[in-house]
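Just below is one structure, and these are the notes that go with it.
Read the figures in this text as sums done on the coordinates, not as results from a lab. Being a predicted model, the structure only gives us computed values, none of them experimental. Ideal geometry is used to build each Cβ from the backbone, glycine not excepted, and the neighbour counts take in all protein chains shown.
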Amino acid sequence: MMRLEKRPQPSRAMALATPLLAVLATMVFGGLLFAVLGEDPVQSILTIFWQPLFGEFAFYYRPQLLVKGAPLVLIAMGLALGFRAGIWNIGAEGQYIMGAIFGAAAALVFYPLEAWWIFPLMVICGGLGGFLWAMIPGLLKVKFGTNEILVSLMLVYVAEQFLSSMSLGLLKNPEGYGFPGSRNLQQYASAHNAEIVSGTGMHWGVVAAFIAVIFAYVLLTRHRLGFAIRVTGEAPRAAKFGGVNPARLVLFCLGTSGLLAGLAGMFEVAGPAGQITIDFNVGYGFTAIIVAFLGRLHPVGILLAGGLMALTYIGGDIAQSQLGLPAAAIQVFQGMLLFFLLALDVLTNYRLRFGAAEVA
Amino acid sequence: MDLSVINPILLLAALMSAATPILLAATGELVVERAGVLNLGVEGMMIVGAIAGFIVAVNTGSPALGFIGAAAGGAVLSLLFVFLTQVALANQVASGLGLTLFGLGLSALMGQSYVGVKPPRMGDLNLGPLSDIPVLGPILFSHDAMVYIGLLIVAGVWTTLKYTRAGLVLRAVGENHDAAHALGYKVKRIRALAILFGGACAGMGGAYISLIRVPQWTEGMTAGVGWIALALVVFASWKPWRVLLGAYLFGGITQLQLNLQGAGVAIPVEYLAMSPYIVTIIVLVTLSADKSRAPGSLGRIFHASH
């Protein structure tokens, strides 16, 4: 008989090992999945994980790692703060959209004026858009005790509808020959979130992601508020007796994650995406949930996990064009990763014991 | 704008059909939550059920077999949730989210070659003279079999929970799993069965969208219905008959906004399409004051080691 025995303390070694084991298991089972789809499993896995980094065209793909990783890390970092305190914002996708709309609108209002303050204004408005959108579930939870999971998720669908209304209406490019979508911000110098060093993929969103990671690290390890977050997640009753104000914590966690998701959306629309379109959002807000868990809700872990997840996006694109692997296969692959992680996580808190259980 | 094109009888008749996917999914989730498990994967199980049912129906030519396939598909996916939360003792919120993300990807993968295919039609049930009654006939007695099966499932769940021993055990497990365990009930086995039932119901709800409501396959076609179903369980204070009421309310709103879009109301289509989600939020706000009805062990991990 096999049974689980609770560890007195969560194992640190297992906490570090499980993400790696999960990645390995995903590679094996992902390979099997690709084999079922009629692809060479080894070839597919190599295409996804090896080609973008060391393949023939790596010079093109490596910068993409930063471009795709930045929004994931930025969003996941904010989500992780809440997840640690047991506050579940799963509507980051909506906050990302609202950040992009607010940021782009701020620039388009002043088009074609060229001024240095336009980009900073966009950053402020983008962050504000995400922040306000996240404040809706936050305030409703604090005031009425409404479930933040459901409200934040419902607001994703509302934001998606708002996005299509904006790209077909108010923000539509007047010189766009009737096509839906806003003006392209890449052609508007003051608003363009261009690469800081050309050819590296390093744009302001990447810088913001690194800053967010450092801030979160300091907050969680050195600041009283970070301590309050950790205590609330691990022992809610103890936190209450310790004088943690739960309402303020909810607003802080939701607000911060909304702000960061909004910034991610704004940097994306001003840079790599360029314009507000109906299908502007590609699911970063949801993938970031996987990134947050894969990174163990820890800032450094999230940085690494964001890189890995960006790799699967890029590798997935390559596999799609070279091997004809369907786009959905990568989505399944990413979902698998989360499953293996959650399943293996049991080893952090429990020990596997073999032998008959004694009768209680 | 011409509101006279909206026929109230047809609207009420369509309401019953529009409510069925939410009703099925929410009833399944109600049983899961009464057993003390919070499964946020309803959306994922619905979409997998939608494509599984679609594939079976197209290949066999039988919508009835399609619904059975959909129930099987949803239940198989929910097995993953059983493994994660009952065996590996993983966090239920994270596992449920994972189930939804995985289900959305998996369904897209399964459905690749089914885009644009027409499924076999499921005819309306022939209820003879009942369907000919003026007003009541078209509203109540001229639907496909799944509408009535949905109602039967609600009635079945209600009687089981209220009047049978099995229902009492299920509620005991949900209210206090330690006490239920001490009384000798197999907490994990009961929860696993509840989760499988929830998966099967969600799967059928999804198939109702892909086989009857739309009817065709598009990626992500459940569009948040699974999440609305989750909200509905809270709205219903974990009571089956209130789930029915809530499902008809949401079905009505969905149908009304579709009809208003058709009637060319001055409100842009996007804002009408937002309305079911906004109404869900408003309903959650007005009802979330009363949490006393929630099962005592909802969302808590059970590990019998001491």
With the protein assembly as shown reduced to its Cα atoms and the Debye formula applied, log10 I(q)/I(0) at q = 0.07, 0.08, 0.11 1/Å amounts to -0.46, -0.61, -1.19
Per the helix-only model, chain A has a calculated mean residue ellipticity at 222 nm (DSSP H runs of ≥4, -39500 (n - 2.57) each, divided over all residues, rounded to the nearest 500) of -23500 deg cm²/dmol
For A:Glu39, other-chain or 5+-apart residues with amide H closer than 5 Å (H placed, Pro excluded) are none
In the range A:110-193, the GluC sites (Glu not before Pro) that sit in a DSSP loop and have at most 12 other Cβ atoms within 10 Å of their own Cβ are A:Glu114, A:Glu175
For peptide B:89-99, the mean count of other chain Cβ atoms within 10 Å per residue Cβ is 6
Once amide hydrogens are built 1.01 Å from N within the peptide plane, the residues lying 5 or more places from A:Tyr350 or on another chain with amide H under 5 Å from its amide H are A:Arg7
If A:Ser165, B:Ser62, B:Ser297 are placed from fewest to most neighbouring beta carbons inside 10 Å, the sequence is B:Ser62, A:Ser165, B:Ser297
Each residue of B:105-116 has, on average, a number of other protein chain C-beta atoms within 10 Å of its C-beta equal to 4
Listing B:Met110, B:Met46 by rising number of other beta-carbon atoms within 10 angstrom, fewest first, gives B:Met110, B:Met46
Expected sort for B:Thr280, A:Thr277, A:Thr256 with the fewest Cβ neighbours (10 Å cutoff) up front is A:Thr277, A:Thr256, B:Thr280
Cβ-Cβ cut-off under 15 Å around A:Ala13, Lys and Arg +1, Asp and Glu -1: the net charge is +3
In degrees rounded to 10, the 0-90 angle between helix B:145-163 Cα long axis and the longest Cα principal axis of chain B is 30 degrees
Over 26 Å (Cα to Cα) among A:Lys6/B:Lys162; A:Lys143/A:Lys240; A:Lys141/B:Lys239; A:Lys6/B:Lys188 -> A:Lys6/B:Lys162
Ranked output for segments A:92-105, B:72-85 by mean other Cβ atoms within 10 Å, highest leading, reads A:92-105, B:72-85
In the neighbourhood of B:Leu97 defined by beta carbon distances under 13 Å, the net charge of the other residues (Lys, Arg +1; Asp, Glu -1) is -2
Rounded to a whole number, the mean other protein chain Cβ count within 10 angstrom for residues of A:280-288 is 1
